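Scroll down for the structure; my scribbles are underneath it.
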Amino acid sequence: MPYHDITANETIDKLNTDAKKGLSEKESRNRLNKYGKNVIKDKKKKGFFKRFFAQFDDFMIIILLCAAGISFATSLLFGDGDMTEPVIILAIVILNAFLGAFQELRAEHSLAALKKLSSPTATVIRDGNEKKIASDLLVPGDIIRIRQGDIISADCRLIKCESLYVNEASLTGETSEIHKDADTVCDTLTAQAELKNMVMSSTSVTRGSALAVVTATGMDTEVGKIASMLINTTEEETPLQKRLANTGKSLGIACLFICGIIFIIGTFKHIPPLEMFMTSVSLAVAAIPEGLPAIVTILLALGVVRMSKHNAIVRHLPSVETLGCATVICTDKTGTLTLNEMKVSEVWSPNPQNTIRLSVLCSEDGEYINPTDKAILDCAASYSIDAKAYKSAHNKLAELPFDSLRKRMSVICDNKLIVKGALECILPICKKVETRSGTATLTKDEERKIIRENTSMTEKALRVIAVAYKNCSFKEDIYDETDLIFAGLIGIYDPPRPEAKSSVLTAQKAGVRTIMITGDHAMTASSIAKKTGILSENGRVICGTELESFTDEELCEAVKTCNVFARVTPEHKLKIVKALKRNGEICAMTGDGVNDAPALEGADIGCSMGISGTEVARSASDMVLTDDNFATIVYAIKEGRTIYDNIKKTVKFLLSTNIGEILTVMFGIIFGCNSPLTAIELLWVNLVTDSLPAVSLGLEKAEKDIMKRPPINPKHGIFSPSLWAEITVEGLLIGALSILAHSIGMYFSKNEVIARTMAFYVLAVSQLTHAFNMRTSRSVIKDGLFKNKYLVLSYLAGVILQLMLMYIPTLSDLFNISALSPVYLGISIVLSTLPLFFVELQKYINSHLINKG
């Protein structure tokens, strides 16, 4: 039912709630059971079986199944009864489909868990206590407190407002902020965009604060009614996935062409056409890297889950790739480079107690307040002031919250207008100054004295808060901030984080420059920047007023060398980001406020704060730092590089081994023998080597020098000419070793089955061995061959399965292979381990001869 056409009190009565105490926990649980969770229903997810059958929706798989059907029909037609091969092909294809569906489901669950981690919260009053809860637990009748920067999580009727302005663009398309008024009662037929007394789910608070009662949740909200417009119908695909998909298509065409040639050559060699057709199609299925994008999704998801455990929640998968390319981190000071544990260390005033009293009244209400106000309230006790009791004894009539443009907060308490904020924004609106004996005219000498003291405090790395006031009547213009009386200065110290300096140094070694962008005074910013290693002793600090005078070209030059920008606005942040990007930098930007959203969206990687950040900032960002810590950004860059590195290793492994499979069959036929491997053997090798080893490489830990390398160049991409050369050489090696195994077996045993068994073993196990080469660009033996336990386990599993096929008679008969004698097995084992030593030699030549030459 509509609530905009009745008063706030009538709404509270109808919803059977209490404006002061809210709902009880028991009642909220009952209503949650009745109304359900406060979520917009997504489109129905594919179940396991749908995903399983979707695996068969592939051209080459369909051809393979048709070929198996033809083989089955031929066996029946000619009465030989040998249906082993088509049955095994069907079994392997089904097993492959099962693994593919399982991997897809695992990746989706990982991403769903991440989405849950970054879900918004709401400040609710229950049983008289104010607390934060997940927004999906809100129910009709809940009393919630909303503040600047919040994204509203449910439709609400306003109870009380303090200069509340809301952006409703997500719902109505109206981009300008809308002023709200709790006392208004609208007509029943008032249009959505004109409802001054309501706030709607998905809209954001740009200014002010309010108390409101939830009237609708989930699909009953206005945004829920148009949910089909908001549900994402396509999953996000990263640029790397797109490049790999295109590469896979190109390689697929090449594979089909080669398989066609192999079929023609085999036919000329008088190999039965059906057998050759089955082999060619199986080779195409095994060698075409159609699973590359899916593997990348899994590796990205695994990496992102790992990052979430270290306080970095990635909201968009493409940003993982971008992290590895970052060249600049633009960071705020407070809470990111500092501990955000603010304490009042100095009060400069002729009447310090009065200055603290005024600042206590001019502070936020509620349980969750900003660190600056918390420091002032904590300090009040040392001046014999009970902050809570003092605030309760004075009636706050109006409030203008602090914002980055005004750089001050204003309140009307009883008959006083009290203002606190940046000195340069408060001193110009003061006409008098408080003295020991009362008040006096603010002279130029007094102004200079105040500015000198302000400078002295900022040089000590203190955040300085100026306090002023005047007597006024609420009936007057309550925001006539002129002719104020200057009361004093409060110096607040926020020490640098112990790990900040080492993190800045780590970033520098990785070729990533750190730039501090802060709204604080230049002296305070300079002091902290020097302590954290961002600014040299003679380094330049640019203030917002100077930045305003720059042309675009001048700013582009300035950002090349300046590492500290002070007294800046969110608009300045966006200008700095644009200038850095014009210079070709890949920019990470931190932000926490509503007005930071454009800069966060404009940066290559927007990093919002999980503790101090607003919901608006979080929704505009690519990554949320749950601990607000600069070190977490540096860690995320390291992890981004590691994920990119592991994807590169996996891609290299898959492509080189697939090339090895193609060359084994092609060279085997060209050099005079029948196909060295049958269709089912090729499919088995693909099954054993393309799943567990590939995912295990994605779990590889960061290489020791990963943060001593320059940032990844996004223009080069993953497929450099040198990578293709290595892939080709390593594929030739695997193919040559398999052919050599076949030749040795044929030469000494004169038995085609033994020769094919040796080639089968070498092709499979040499690929498993080759996975170890991919672990590092350095010597894997020196690095520690068995460091990656997942890769070791996948290797052992693959070898054991291969030996079971050979030495369990039933299985060896199915695959038409035989148990090898100790001599032939020994030769096969030696040949299958050679890729390790050949690639070790290649790495030695690269590091000692080519690189040094």
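For segment 516-561, the direction-averaged projected area of the alpha-carbon convex hull comes to 3.3 nm².
When you filter the trypsin sites (Lys or Arg not before Pro) in segment 363-455 for DSSP loop state and at most 14 other Cβ atoms inside 10 Å of their Cβ, you are left with ARG436. Residues whose amide H comes within less than 5 Å of that of ARG315, counting only those at least five positions distant or on another chain, are MET623, VAL624 (H built at 1.01 Å from N in the peptide plane).
For segment 766-853, the Kirkwood hydrodynamic radius from C-alpha pairs, put into Stokes-Einstein at 20 °C and a viscosity of 1.002 mPa s, yields a diffusion coefficient of 144 µm² per second. Computed on segment 536-648, the Cα convex hull volume stands at 123 Å³ per residue.
Global dimensions of segment 423-560 from alpha-carbon coordinates: Rg and Dmax equal 19.3, 61 Å. Counting only alpha carbon atoms, the long axis of helix 500-509 and the longest principal axis of the chain meet at about 40°.
Within the set LYS531/LYS638; LYS501/LYS704; LYS249/LYS581; LYS501/LYS782; LYS530/LYS638; LYS14/LYS37, which residue pairs have Cα atoms separated by over 29 Å? As for pairs spanning more than 29 Å Cα to Cα, those are LYS249/LYS581; LYS501/LYS782. Over segment 436-517, the ratio between the Cα radius of gyration and 2.2 N^0.38 Å evaluates to 1.72. In the chain, the longest principal axis of the Cα atoms and the axis of helix 789-807 are about 20 degrees apart. Principal-axis analysis of the Cα atoms of the chain puts helix 273-287 at an angle of about 30° to the longest axis.
When the alpha carbon gyration tensor of segment 122-205 is reduced to an equivalent ellipsoid, its three semi-axes come out at 22, 14, 12 angstrom, largest first.
The trypsin sites (Lys or Arg not before Pro) of segment 640-702 that meet both conditions, a loop assignment by DSSP and at most 13 other Cβ atoms within 10 Å of the site Cβ, are LYS701.
In this rough spin-label picture, where each label sits 7 Å from Cα along the Cβ direction, the ASN538-LEU785 distance is 5.6 nm. Working note: Debye formula, equal point scatterers on the alpha-carbon atoms of segment 478-518, no solvent; log10 I(q)/I(0) at q = 0.17, 0.20, 0.33 Å⁻¹ is -0.67, -0.78, -1.11.
Estimated at the nearest 10 Å², the accessible area of LEU32 is 40 Å² with a 1.4 Å probe. Once backbone amide H atoms are built at 1.01 Å from N, LYS416 has CYS472 as its partners under 5 Å, excluding neighbours fewer than 5 places away on the same chain. Of all aspartates and glutamates in the structure, those lying under 16 Å Cα to Cα from LYS132, and not within fewer than 8 positions of it along the same chain, are GLU25, ASP142, ASP150, ASP365, GLU367, GLU615. State log₁₀ I(q)/I(0) for segment 527-600 at q = 0.20, 0.28 Å⁻¹ as given by the Debye formula over alpha-carbon point scatterers of equal weight, solvent excluded. Once normalised to I(0) and log-transformed, intensities are -0.92, -1.41. Normalising the Debye intensity of segment 630-749 to I(0), with uniform scatterers on Cα atoms only, and taking log10 at q = 0.15, 0.17 Å⁻¹ returns -0.79, -0.92. Within the chain, what percent of beta bridges assigned by DSSP are antiparallel, to the nearest 5? If I count the DSSP bridges inside the chain, around 75 percent turn out antiparallel.
The aspartates and glutamates whose alpha-carbon is closer than 15 Å to the alpha-carbon of LYS789, local same-chain residues fewer than 8 away aside, are GLU700. Listed by chain and number, the lysines placed with their C-alpha closer than 18 angstrom to that of LYS420 are LYS343, LYS374, LYS391, LYS396, LYS407, LYS431, LYS432, LYS470; residues fewer than eight positions away on the same chain are left out. Enclosing the Cα atoms of segment 334-417 in their convex hull gives a volume equal to 120 cubic angstrom per residue. Applying a DSSP loop filter and a limit of 11 other Cβ atoms within 10 Å to the trypsin sites (Lys or Arg not before Pro) in segment 465-527 leaves LYS475.
Helical content of the chain, expressed as a calculated mean residue ellipticity at 222 nm, amounts to -16000 deg cm²/dmol (DSSP H runs of 4 or more residues, -39,500 (n - 2.57) each, divided by residue number, nearest 500). Close amide H partners of VAL328, meaning residues 5 or more places away or on another chain with modelled amide H under 5 Å apart, are ARG513, ILE586, ALA588. Recomputing Kirkwood radius over Cα pairs in Å from the coordinates shown identifies the correct label among [x] 29.9; [y] 31.3; [z] 37.2 as [y]. Counting only protein heavy atoms and a probe of 1.4 Å, the accessible surface of the chain is 59% carbon and sulfur.
The values are calculated or read from the model by the stated rules, or taken from the named source; none is laboratory data. Values in this document were obtained by computation on a predicted structure and should not be read as measured data. Cβ: placed from backbone, ideal geometry, glycine included. Neighbour counts: every protein chain shown. Please note that ligands, DNA and RNA were not included when accessible areas were found on the heavy atoms of the full protein model with its side chains. Shrake-Rupley method; radii C 1.70, N 1.55, O 1.52, S 1.80 Å.
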